[in-house]
Amino acid sequence: MRTLFVGLIAFCLLSALSIVWIRHENRVLLPILYERYAQRDDLNIEWRNLLAERATLSRRAQLKNWASTVGKMNEPDRDVVLFLKKQSNDWLYLEHSQ
């Protein structure tokens with residue numbers, strides 16, 4: 001009977017110590033987990049931005065390819081292009097590119 005009592009006391013002590021240890025680990029690891037969540041969210045935002053950029057660049061390349069092949073359009077020579085620049089609040093002047 002005495003050994004059963006000692007065994008129950010030892011079991012209760014080990015159980016209490018394990019609960020304390022697990023709660024301590026939880027308190028230590030929880031901020032690390034939230035930090036990882038924040039990193040994940042930042043990486044997901046960056047990934048979405050990269051996908052959008054790739055789609056934009058791909059679409060521009062497709063349009064340029066289509067314009068040159070199907071539409072028979074080409075970029076004009078640099079000496080033919082005129083740029084408009086704002087000189088004052090009311091007037092624009094032409095500048096010949098060089």
Problem - Any chance Asp41 is of a type outside the set (A, V, I, L, M), without any contact (Cβ under 8 Å) to a residue 60 or more places away in the chain and surrounded by 10 or more Cβ atoms within 10 Å (Cβ to Cβ) - result: yes
Fill in the blank from the handout: So, first residue among the hydroxyl-bearing types (Ser, Thr, Tyr) in the stretch 46-71, second residue loosely packed, with under 10 Cβ neighbours inside 10 Å, Cβ within less than 7 Å, six or more apart or across chains; the pairs are Ser68/Asn74
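How many residues are loosely packed, with under 10 Cβ neighbours inside 10 Å and either modelled with pLDDT of 85 or more or not basic (Lys, Arg) (or both) when one looks only at the stretch 46-74? First the steps, then the outcome.
Here is the first cut: in the stretch 46-74, the residues loosely packed, with under 10 Cβ neighbours inside 10 Å are 69-72, 74.
So of that shortlist, the ones also either modelled with pLDDT of 85 or more or not basic (Lys, Arg) (or both) come out as 69-71, 74.
Matching residues across the stretch 46-74 total 4.
The values are calculated or read from the model by the stated rules, or taken from the named source; none is laboratory data. In this text, all values refer to a predicted model and were calculated from it rather than measured experimentally. Methodologically, a virtual Cβ is constructed for each residue, glycine included, from the backbone with ideal geometry; neighbour enumeration extends over all protein chains shown.
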